[in-house]
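Here is the structure we will look at.
Only the coordinates and a few stated rules stand behind these numbers; no lab work does. Quick caveat: nothing in here was measured; it's all calculated off a predicted structure. Glycine also receives a Cβ, built like all others from the backbone with ideal geometry; neighbour counts cover every protein chain displayed.
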Amino acid sequence: MKETQGFRWTALGAKTSVAILVTAAFLMLMLSGVQGYYARQQIRVNLERNTELDLIIKAQKIKYSLEAVESALQNNLDDIVRSLPYPDSLLSVTRRIVERNPSFDGCCIAMIPYYYPEKGRLFQPCSYRDGDTIDTYLYDVEKYDYTKIAYFYFAVNNDTAYWSEPYIDPDDSSATLVTYNFPVHDKNGCVVALLGVDLDAAWLGDILNSHDLYPSSYDLLISGKGRLICGPNPAEVKHQEVKDMVAMINDSTLERSLSSTGKSTTLAFVDKEDGEKGHVFYHTSKLIAPWQIAIVNYDNEVFAPLIEARRRNLALTLIGLMILAFIIYRSAQSIYKLRDANAEKQRMDNEMMIAKGIQMNMLPETYPPFPDRNDIDIYGSLVPAKMVGGDLYDFFIRDEKLYFCIGDVSGKSVPAALVMAVTHSLFLSISSHESQPARIMQGINESLCRGNESNMFVTFFIGVLDLPTGLLRYCNAGHNPPLTIIGDLVEPLPAKANLPMGVIAEFDYMMQQTRVEPETMILLYTDGLTEAKNMDRKQFGLEKTLKVLEKCHDATATQLIQTLTKKVDAFVGEAEPSDDLTLLAIRYTPKEESWTLSRSITLDNDVAQVTGLNQFVQSVTEELQLDKALSKRIKLAVEEVVVNIMDYAYVADTKGQVKVEAMANDERLRFILTDSGRSFDPTAVSRADTTLTVEDRPIGGLGILLVRNLMDSINYERIDGQNILRIEKKF
């Protein structure tokens with residue numbers, strides 16, 4: 001009877017367990033499906049925005065490239081006009097044009113009929129590349145009467161320059177050419193000839209496909225008549241596939257849709273060869289009209305992160321169900337409690353090892369962390385007392401500022417490690433867009449106070465060191481003040497204690513600042529240093545710490561940490577560590593730079609003065625002999641920043657000035673922009689609104705995003721009531 005009753009209870013328990021597992025599986029799969037749907041929609045929105053931004057940037061690149069060609073011809077017009085009285089000298093002119101412009105495939109000058117009666121009705125000197133050589137000759141006008149070509153009379157009669165439709169190179173069927181035609185005037189202003197240069201469209205293709213959103217993505221440049229000008233490398237994408245894409249874009253019968261912003265047209269397709277689905281985004285930009293750019297993206301790459309995430313979610317769901325089944329099964333089998341306890345202990349030990357690895361991987365691992373910089377020496381170390389602990393430190397550089405932190409979570413082991421991980425993530429998240437230490441501290445504190453039922457708190461120190469000036473802004477939350485080492489002098493950094501984080505959400509943290517002298521070493525530490533105990537329960541103490549540091553004034557950051565760690569280990573001996581030992585050493589080592597060029601200009605806060613600014617920047621880049629494309633990028637970046645300062649640093653109708661200093665040497669060009677307006681950090685301005693048309697955007701167009709893309713570094717500081725912004729371009 002007892003066996004029958006036990007069997008019934010076992011069967012009932014099994015049915016209940018199966019019901020719980022099925023319900024849990026259904027709920028998890030339903031939740032995964034809902035998450036997948038919304039994630040897919042968000043990926044589509046992000047793809048649309050990123051692609052439209054890419055279309056704008058690439059249109060700008062093509063525009064710069066075409067303007068460079070047009071400028072090159074403009075620069076040679078005087079040479080042509082001077083040579084008009086001497087027809088044979090025009091051969092040398094065409095040769096010089098091709099020699100000076102490596103991107104030109106050829107050049108010719110087509111004179112109007114009977115301009116040189118002694119030369120016959122037509123006269124056309126030419127120079128064309130042939131491998132590494134340049135062939136210069138008179139074109140055989142008997143076989144090729146250029147006056148019968150429509151573009152000749154169009155350009156001459158309308159006195160206008162224009163780009164031709166793409167065509168196949170007569171000497172190389174694998175190459176596609178485009179020609180830029182420019183009318184030439186004599187000294188009386190009459191059109192006497194047509195100057196034309198041929199360019200291999202592959203040159204534009206290299207510019208267009210230099211960067212793509214996804215590995216299999218590629219770009220197409222299509223003329224106003226729907227002909228392909230250039231596309232991807234034939235070795236990477238088959239010619240037939242490109243041909244099909246162009247035909248599809250030109251096929252007006254196919255269904256297409258506008259993007260949500262109305263900035264581009266989207267066309268879905270299925271690859272004829274492998275059945276892969278994708279989307280084409282194309283847009284006729286006013287920057288290069290009537291040409292249009294198309295970007296081809298494949299869905300398998302666009303949605304790859306989502307597919308991988310769904311796989312992981314499915315795996316986690318299965319693991320969760322298995323764990324649930326395991327728990328149910330074990331709880332029903334009381335006879336195996338002791339064995340379960342041992343298995344659980346082993347599992348926990350393994351998870352603790354994994355947790356330790358995860359925790360240590362959250363900290364900086366590579367040293368030196370900034371091998372290309374010579375203005376900072378930094379090294380950190382964390383030795384947990386238990387398997388996992390509650391100490392943390394981190395650092396990174398953003399906008400020429402070193403952000404660093406150190407903290408100690410109350411408590412030990414796993415709870416402290418979890419709070420440490422949350423605190424570390426909050427620090428990285430908030431400091432990625434905020435530069436004021438007190439505001440970073442406030443944001444972390446507010447998050448830690450929410451739902452802090454365990455009443456755990458974190459002592460924390462945040463520092464932001466401006467590397468160009470040495471200005472250190474910092475905020476302390478009940479942590480040990482850092483120690484500074486200047487020569488033989490070792491002393492604590494004056495730091496107001498404030499409350500630890502996680503105590504009062506509304507607490508107002510105070511920011512402090514000081515100037516860090518060159519070669520100063522800053523040591524940040526947790527109480528695992530001063531409170532380290534030996535077998536006699538005596539502490540290492542601050543006094544011993546100071547004595548060690550006094551002998552390390554010439555040490556590197558690495559040597560300082562290693563020396564301190566060895567001293568603590570020797571002092572503790574065989575005693576069990578009582579707390580985590582965390583150390584972070586930072587030596588500020590700025591180098592004085594010498595400049596071969598130094599110029600400045602002071603502008604009133606009037607956008608009308610941008611013309612003078614452009615002339616100033618142009619004179620600087622010309623003196624440095626920078627190429628035109630780079631000069632235009634630099635001029636665009638400086639203009640964008642100055643206009644932003646004029647618009648936002650000064651209140652409306654308030655007079656003020658913006659000083660622009662330019663300094664350069666063989667390695668870099670630096671602009672320092674200073675104004676006395678209200679505190680205004682241009683690096684914090686919202687990114688450009690890509691939903692607006694090019695004409696509706698303010699000067700600069702792409703805003704601070706554009707400046708970051710055009711320049712190598714940007715740095716802002718508010719010093720002595722002035723806004724100081726540095727932007728830099730490395731050569």
Calculated from backbone phi, Karplus (6.51, -1.76, 1.60) coupling profile of the stretch 428-443 in Hz, x at Gly/Pro: 5, 5, 6, 6, 5, 9, 10, 10, 8, x, 5, 6, 4, 4, 4, x
Among 662-673, 388-399, 413-424, 234-245, what's the highest-first ranking by average C-beta atoms within 10 angstrom per residue? 388-399, 413-424, 662-673, 234-245
Post the alpha-carbon centroid distance, the stretch 134-159 to the stretch 227-272, in whole angstrom. 34
Determine one quarter of the surface area of the Cα convex hull of the stretch 162-312, which equals its mean projected area, and express it in nm² to one decimal. 12.5
Euclidean distance of C-alpha centroids, the stretch 392-406 and the stretch 412-468, integer Å: 13
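Assign unit charges at the C-beta atoms only (+1 for Lys and Arg, -1 for Asp and Glu), then state the dipole size of the chain relative to its Cα centre in Debye, rounded to the nearest 20.
For this selection, approximately 2440 debye.
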Extreme residue, positive dipole direction of the stretch 363-588, given options Tyr393, Leu471, Pro577 (C-beta unit charges): Pro577
Semi-axes of the equivalent ellipsoid for the stretch 597-730, please: Cα gyration tensor eigenvalues, times 5, square-rooted, ordered largest first, whole Å. 21, 18, 14
How about the chain: what cysteines have no other cysteine beta carbon under 4.7 Å from their own? Cys107, Cys190, Cys230, Cys405, Cys449, Cys475, Cys552
If you average over every viewing direction, what projected area does the convex hull of the Cα atoms of the stretch 152-238 give, in nm²? 7.4
Thinking of the stretch 428-573 as a set of Cα atoms, what percent of all their pairs are more than 27 Å apart? 32
Stokes-Einstein diffusion coefficient of the stretch 47-311, Kirkwood radius over Cα pairs, 20 °C, 1.002 mPa s, in µm²/s: 105
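Which entries in Lys61/Lys628; Lys401/Lys729; Lys628/Lys730; Lys401/Lys730; Lys263/Lys628 show an alpha-carbon gap greater than 21 Å?
Result: Lys263/Lys628 exceed 21 Å.
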Relative contact order (%) - the stretch 47-311, alpha-carbon pairs under 8 angstrom, separation at least six: 16
Nearby aspartates and glutamates by direct alpha-carbon distance to Lys538 (threshold 15 angstrom, same-chain neighbours under 8 apart not counted): Asp527, Asp569, Glu574, Glu576, Asp579
Any lysines with Cα under 25 Å of the Lys544 Cα? List them, leaving off those in the same chain fewer than 8 positions away. Lys386, Lys496, Lys533, Lys566, Lys567
Taking a straight Cα-to-Cα line shorter than 16 Å from Lys659, and setting aside same-chain lysines fewer than 8 residues away, one finds Lys635
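Based solely on its DSSP helices, what 222 nm [θ] is calculated for the chain when runs of n ≥ 4 H residues each add -39,500 (n - 2.57) and the sum is averaged over all residues, nearest 500 deg cm²/dmol? Mind dumping the intermediate values first?
Values: 16 runs with 286 residues, N = 731.
Per the formula, -13000 deg cm²/dmol.
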The summed charge of the Ile485 Cβ neighbourhood (under 14 Å; Lys/Arg +1, Asp/Glu -1) stands at -4
Roughly what % of Cα-Cα distances in the chain sit above 35 Å, to the whole percent? 64
